[in-house]
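What follows is a set of notes on a single structure, which appears directly below.
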Amino acid sequence: MTGIFRLILIAAIATGFTLVSVPNARADDFGTCSSTTGCRADDANMDYCTPYPWPVADWGTPFGDAMANLDAQTDMYRTYSNPCGPQTDIGGYLNSSPEFPNGLGSTTRGLFMCTKKVAGKATTCDQGSMVINTSLLPNYAQRRKTMCHEIGHAAGLTHTSTYGGCMVSGSSTNITYSSHHVAHINAAY
């Protein structure tokens, strides 16, 4: 465990927050879960939080709206938790969070990573993190699309250009899942 991670973890415990993700955790699951192979959530309840406060209008509202969309379109349902804890399925981070001092790069809009797998299940994620690049998302629709996309990865969806919806890669303002993706999510949960 690196010194900076240890300090962040101690600070988080002291303030009552449990970190659900740090960059060091990537190695645990990358290779078994990716944007092309997928990694599904452990159950239909997608418990979510933000380990650090997000500016409500710019980032918090689109995150809540994207989670409400998952709830409305699929058999999955959302539960907001504050503070984050061991029940958290997806923690939302902005690339300006202390865990991401180098950001996400100049062209990456967002990222989902599984940070804790379910024991014995290579592609089932107990906890994961969504990281959003604040510098690349100029408008609400693009922020919502990116959050819909990354939350879709948390629900087990992969990139596509065939079925449309928010799972297409790149710039788009589609903020819902395609019927094809809804059917996949519903079959899994």
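Taking the Cα-to-Cβ direction at ASN45 and at ASN186 and moving 7 Å from each Cα, how far apart do the two end points lie in nm?
2.3 nm
Okay, which of the stretch 124-167 sit inside 13 Å, backbone N to the point 7 Å along the Cα-Cβ direction of SER81?
In the stretch 124-167, the label zone of SER81 (backbone N under 13 Å from the point 7 Å along Cα→Cβ) covers 126-129.
Straight-line reach only, C-alpha to C-alpha below 17 angstrom: list the aspartates and glutamates that LYS116 could link to, leaving out same-chain residues fewer than 8 apart.
Counting by Cα, and skipping residues close in sequence, LYS116 has these aspartates and glutamates nearby: ASP28, ASP29, ASP42, ASP43, ASP47, ASP89, GLU99, ASP126, GLU150.
Can you list the aspartates and glutamates whose alpha carbon is less than 12 Å from that of LYS145, not counting same-chain residues fewer than 8 positions off?
Candidates past the 8-residue exclusion: ASP65.
Using Stokes-Einstein with the Kirkwood hydrodynamic radius over Cα pairs, what translational diffusion coefficient do you get for the stretch 57-108 at 4 °C and a viscosity of 1.567 mPa s, in µm²/s rounded to a whole number?
Rounded to a whole number, D works out at 100 µm²/s.
Just how much of LEU136 is accessible, in Å², when a 1.4 Å probe is used and the result is rounded to the nearest 10?
LEU136 exposes around 50 Å² with every protein chain in place.
Going by accessible area, probe 1.4 Å, with all protein chains left in place, what is the ranking of THR74, THR134, largest first?
THR134, THR74
Using the Kirkwood radius over C-alpha pairs as Rh, can you work out the diffusion coefficient of the stretch 91-154 via Stokes-Einstein at 4 °C, viscosity 1.567 mPa s, in µm² per second?
105 µm²/s
Using the alpha carbons of the stretch 66-189, what is the convex hull volume per residue in cubic angstrom, as a whole number?
Residue-normalised Cα hull volume stands at 116 Å³.
The values are calculated or read from the model by the stated rules, or taken from the named source; none is laboratory data. All of these numbers come straight from a predicted model, not from anything done at the bench. For neighbour counting, all protein chains shown are included, and Cβ atoms are generated from backbone atoms with ideal geometry for every residue, glycine included. Areas reflect the complete protein model, heavy atoms only, side chains present, ligands, DNA and RNA absent. Shrake-Rupley method; radii C 1.70, N 1.55, O 1.52, S 1.80 Å.
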